[in-house]
Amino acid sequence: MVSNSSNGASIMAEPMSPEERALLAGELSLGLLSGEDRLVTERLRAEDSVFAAEVDAWDARFAGFYGEIVPVTPEGRVWSAVEQRLPANDPGPAGGAGGWKWATAGFAGIAAALAVMLVTRPDPVAPPPVVVAEAPAPVPSETLIAQINDGDGASMLAVRIDPGDGVLRVRAMAIPPSAGEPELWVIPAGGAPTSLGLIAREGGSEVRLAGDVGRLITDGATLALTLEPADGAPHAAPTGDVLGTARLTRL
């Protein structure tokens, strides 16, 4: 698979299939390549991030195998027995053509094992989809307050939002008894009313700002209070009479 060109300019003799590239990566990981072949393949690893990832994957696979190997120091008679089984003119596994043939046979077996692993390994599992959480609603950088009064100037409710907070705090004092539930609205300059939801007729309520609603809560924006049907809230637009309005201002 590796080009044998003397100058190493061409890394591959011809385009390789994904399986052949993976096998080459396994050979490099096992240290089966040497000389020009190793130099050219190492250059491919440095220049091709996909091939480098294949080599890293083989390194990870073989790491588990290496951990199971218990190192054993062979006795001196082992090499003597090997030499006795080699041809008389063979200089032995330490060098020469005979040694190279002996090593090549072992490498061929390992390469075959790599090929089997390529065929039998399970398909890669796709990574889980990346879920991008919705950005939190922006909140004012300063405390904003508003007080909505009735037609006689009596306070019906007070509103406050603190910097760095995503909660609008409402305190109802004297919302007139009438059909419907109190619903709070924000009206940006030149814009249409947007519901902040129903609030309690008495006592405190908290409105958690969500989505783009937080961008409407700014200094100078208008708050309005209406009475609306309980069903279907928050509503798309007000339908009841406006009980009162007030502008948000900096504290």
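The values are calculated or read from the model by the stated rules, or taken from the named source; none is laboratory data. As the structure is a computational prediction, the values presented were derived from the model and not from experiment. All Cβ positions, even for glycine, are placed from backbone atoms using ideal geometry, and neighbour counts span all protein chains on display. With ligands, DNA and RNA removed, areas are computed over all heavy atoms of the protein, side chains included. Shrake-Rupley method; radii C 1.70, N 1.55, O 1.52, S 1.80 Å.
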Item to check | Neighbourhood net charge (14 Å Cβ-Cβ; Lys/Arg +1, Asp/Glu -1) for Asp241 | outcome: -4
Checklist outcome for this item: Sorted on mean Cβ neighbours within 10 Å (highest first), peptides 205-211, 164-170 come out as 164-170, 205-211
Item to check | Calculated FRET efficiency for the pair Ala210/Ser17, C-beta based, R₀ 45 Å, to 0.05 | outcome: 0.30
Item to check | Simple label model, 7 Å out from Cα along Cβ direction - Gln84 to Val50, nm | outcome: 5.4 nm
Checklist entry - Averaged per residue, what accessible area in Å² does the range 196-251 show with a 1.4 Å probe, protein chains only? => result 56 Å²
Next on the checklist: Using 10 Å bins from zero, what percent of all Cα-Cα pairs in the range 156-217 falls into each bin?
Outcome noted: 20, 52, 26, 2
